[in-house]
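The structure appears right after this line, and notes come after that.
The values are calculated or read from the model by the stated rules, or taken from the named source; none is laboratory data. Because the structure is a prediction, the values reported are computed rather than measured. Every residue, glycine as well, gets a Cβ built from its backbone with ideal geometry; the counts of neighbours run over all protein chains shown. To get the accessible areas, we keep the full protein, side chains included, count just its heavy atoms, and leave off ligands, DNA and RNA. Shrake-Rupley method; radii C 1.70, N 1.55, O 1.52, S 1.80 Å.
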Amino acid sequence: MLTTREKFKSFYYQDDVFPEIKINKSTTALLIVDMQNEFILRDFGEAQQFKDAGVWERWIPFHDRLDEIVIPNNVKLLQNFRTRHMTVTYGRIASLREDGADRSAVQKSDGWNGINLHVDSFAAQMINELKPHKDEIVVNKTTDSVTTGTNYLQLLRNMGIKTVVVTGIVTDQCVASTVRGLADDGFQVICVEDCCAAGSMALHNAELTIMNGVYCNVLTTEEVLELIDNSAD
């Protein structure tokens, strides 16, 4: 039976054997990206905008995947990290000024990426199922990547983190940008396939195939939990 890493092998790695992944619980962090009310709720934010614009039909599979697969698996992974007292972090889109003047050029642009979520707004908060606990780090960003224009990388180094387990939305934009930023800075990255979603499964699968093996190891929730079970303290 193929592992998830083998399923997502790209053209470049067809003849390669992926090395064994090794992690240490004390040096591994979970990073949940953009699982916010604005993007997740069906009767609020972007979903309501899609309904008003008459394009809701094509977004239903995305929200079905979130509700049926992505959110439950994120909850399972998050609870496991908390039970084991492992590091939990979040990255979210949030501007510090109400007018959004502090946003990057991408988030000031027209269209899909143009968005302004004030840090104190309901829209900017993580969904209730994944609400941060006290002492869990939340990094605010006005870019796609959690590593760009923030102190996230420095925080990881300060805590002695070497491996980052990445989940969230959307796979081919904010998740992918974050994975690449972490990998380029020398961290071992695991991207959890069934804890992520994109606008379509084609985009989701294509991005994971591109990243797998060079920027990250693509695993499922169960594979990550098994890896943690077998890891050193």
Self-check item: Sulfur and carbon atoms: percent of accessible area, the chain [1.4 Å]
Solution: 50
Quiz prompt | Rounded tilt (10° steps) of 71-83 against the dominant C-alpha axis of the chain | solution = 60
Practice problem: Using DSSP to define loop residues, name the GluC sites (Glu not before Pro) in the range 41-112 whose beta-carbon has at most 15 other beta-carbon atoms within 10 Å. | Solution: 98
Quiz item: Packing-wise, with mean Cβ within 10 Å as the measure, how do 17-27, 211-221 rank, highest first?
Solution: 211-221, 17-27
Quiz item: Quick one: net charge of residue 86's neighbours, Cβ under 13 Å, K/R +1, D/E -1?
Solution: 0
Practice problem: Assign one of three labels to the range 153-233, namely rounded, prolate or oblate, based on the Cα gyration tensor with a ≥ b ≥ c the square roots of its eigenvalues; rounded applies when a/c is under 1.5, prolate when it is not and a/b is larger than b/c, and oblate otherwise. | Solution: oblate
Quiz item: Rounded to the nearest 500 deg cm²/dmol, what is the calculated helix-only ellipticity per residue at 222 nm for the chain, with -39500 (n - 2.57) per DSSP H run of length n ≥ 4?
Solution: -8000 deg cm²/dmol
Quiz item: Pairs 22/134; 25/162; 108/141; 108/131; 51/141: which exceed 22 Å Cα-Cα?
Solution: 22/134; 108/131; 51/141
Self-check item: Sites matching chymotrypsin sites (Phe, Trp or Tyr not before Pro) across the range 61-131 that sit in DSSP coil, with at most 11 neighbouring C-beta atoms within 10 Å
Solution: 112
Quiz item: The list [x] 18.5; [y] 18.0; [z] 17.3 gives values of Kirkwood radius over Cα pairs in Å, and only one came from this structure; which label was calculated from it?
Solution: [y]
Quiz item: Size of the dipole of the range 99-233 about the Cα centre, Lys and Arg at +1 and Asp and Glu at -1 on the beta carbon, nothing else charged, in debye to 20?
Solution: 460
Quiz item: So how far apart, in nm, are the two label points at residue 75 and residue 154 if each is 7 Å from Cα heading toward Cβ?
Solution: 3.7
Quiz item: With the other protein chains left in place, how much accessible area per residue, in square angstrom, belongs to the chain at a 1.4 angstrom probe?
Solution: 48
Quiz item: From the Cα gyration tensor of the range 35-113, with a ≥ b ≥ c the square roots of its eigenvalues, which class applies: rounded if a/c is under 1.5, or else prolate if a/b is larger than b/c, or else oblate?
Solution: oblate
